[in-house]
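S.K.: One structure coming up, written as structure tokens, with questions to follow.
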Amino acid sequence: MSQDNRLGDYLRARRELVAPQDVGLPVHGVRRVAGLRREEVAMLAGISSDYYLRLEQGRDRNPSVQVLESIARVLQLEPTATEYLLGLGAARPRSRTRRPPREVVPTATTQLLEVIGLPAYVEGRYLDVLATNPLAQALSPAIRVGENRIRSLFLDPAERERFPDWDRMVPRLVAGFRGRIGDDIDDPRVVQLVGELSLGSEEFRKAWARHDVRPVQSKSVRMTHPQVGDLALLLSKLAIEGTDGQLLVVHHAEPGTEAADRLALLGSLTASDGRAPVETR
């Protein structure tokens with residue numbers, strides 16, 4: 001992504017993902033471009049082709065909200081992606097290199113991790129593991145303080161092997177990360193993390209280039225555990241009050257299911273191991 005033309009990069013990436021037939025345009029012959037042409041987006045959005053070209057090229061950086069909302073409709077953006085687009089088009093001060101603030105987990109949350117009785121951890125704004133309990137580490141050794149979840153899932157082969165649906169997870173994982181950081185992609189920590197992942201994973205590069213954006217969502221996941229076998233779990237992400245984007249992440253199973261029995265077995269094995277209490281940073 002070009003640091004000095006984020007709006008244009010986003011428009012171009014999203015334009016290439018919309019097929020002409022998706023917006024009611026006829027297709028004749030062979031098209032030499034992926035997705036929509038610039039002039040097609042401009043026509044459907046009710047703006048001039050020259051003006052849209054200036055937006056993509058970064059020659060006009062402050063379009064009106066109405067123009068961006070019209071373009072969002074053409075590009076079939078969901079509400080979260082539309083908000084992201086509006087943020088890219090908003091006037092903002094010149095970025096300054098800054099040190100990311102230290103993320104501190106509230107005491108009440110660490111106490112909750114001790115008594116919750118389920119695999120749980122605290123995830124920071126950049127998807128760092130800030131605090132965890134023994135059950136979460138028993139579920140996956142990579143869920144430990146100081147590790148970064150998106151880095152582990154892309155660059156740690158052992159962690160990747162735990163998720164049989166890993167290929168399907170990739171798009172929403174990257175889109176969720178982009179949703180968490182919003183349009184603040186010049187944050188030094190974000191630049192460092194995206195650079196590392198881009199160098200180390202072709203799958204991440206492809207997913208990042210799509211510019212998908214998703215809100216934080218609870219979801220279902222499948223995991224394969226070396227001791228208790230396959231687990232079909234629910235992954236709930238709960239905002240922690242009074243923090244800058246910290247989430248309490250909890251793995252749990254539907255009551256009465258085989259997954260619930262296996263999760264309970266994992267809890268028994270963890271308790272018998274006498275593992276250390278909650279770990280925090």
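S.K.: What helices (runs of 4 or more DSSP H), lying completely within segment 142-229, carry at least 2 residues that are open to solvent by 10 Å² or more (accessible area, probe 1.4 Å), closer than 19 Å to ARG125 by Cβ and modelled with pLDDT under 90? Working first, answer last.
M.R.: Working: elements: 149-155, 157-161, 166-181, 188-200, 202-209.
Ranges flagged: 166-181, 188-200.
S.K.: Further, regarding this structure: If you take the residues in segment 11-22 that are modelled with pLDDT under 90 and not hydrophobic (A, V, I, L, M, F, W, C), which one is most open to solvent (accessible area, probe 1.4 Å)?
M.R.: Applying the filter and picking the extreme gives GLN21.
S.K.: To continue, here is another question. Taking segment 38-67 on its own, how many of its residues are within 15 Å of LEU7 (Cα to Cα), open to solvent by 60 Å² or more (accessible area, probe 1.4 Å) and not in a helix (DSSP H, G or I)?
M.R.: 3
S.K.: Assess whether THR257 counts as being more than 21 Å from ARG149 (Cβ to Cβ), hydroxyl-bearing (Ser, Thr, Tyr) and out of contact with any Leu (no Cβ under 7 Å at 6 or more places or on another chain). Walk me through how you get there before you give the answer.
M.R.: Numbers: more than 21 Å from ARG149 (Cβ to Cβ): yes; hydroxyl-bearing (Ser, Thr, Tyr): yes; out of contact with any Leu (no Cβ under 7 Å at 6 or more places or on another chain): yes.
Against the criterion (more than 21 Å from ARG149 (Cβ to Cβ), hydroxyl-bearing (Ser, Thr, Tyr) and out of contact with any Leu (no Cβ under 7 Å at 6 or more places or on another chain)), THR257 qualifies.
S.K.: Could you tell me which of the residues GLY87, GLY8, GLY35 is modelled with pLDDT under 90, assigned to a helix (DSSP H, G or I) and open to solvent by less than 90 Å² (accessible area, probe 1.4 Å)?
M.R.: Details: GLY8 fails: modelled with pLDDT under 90; GLY35 fails: assigned to a helix (DSSP H, G or I).
Unique residue meeting the criteria: GLY87.
S.K.: Go through segment 230-253 and give me each residue that's open to solvent by 50 Å² or more (accessible area, probe 1.4 Å) and of a type in the set (A, V, I, L, M, F, W, C).
M.R.: Across segment 230-253, the qualifying residues are ALA232, LEU234, LEU238, ALA239.
S.K.: Taking segment 198-235 as the search range and keeping residues that are touching a residue at least 60 places away in the same chain (Cβ under 8 Å) and among the β-branched types (Val, Ile, Thr), which one is nearest to ARG15 (Cα to Cα)?
M.R.: Ranking the qualifying residues of segment 198-235, first place goes to VAL213.
The values are calculated or read from the model by the stated rules, or taken from the named source; none is laboratory data. Quantities reported herein were computed from a predicted structural model and do not represent experimental measurements. All Cβ positions, even for glycine, are placed from backbone atoms using ideal geometry, and neighbour counts span all protein chains on display. Accessible surface is based on the protein model in full, side chains and every heavy atom, while ligands, DNA and RNA are left aside. Shrake-Rupley method; radii C 1.70, N 1.55, O 1.52, S 1.80 Å.
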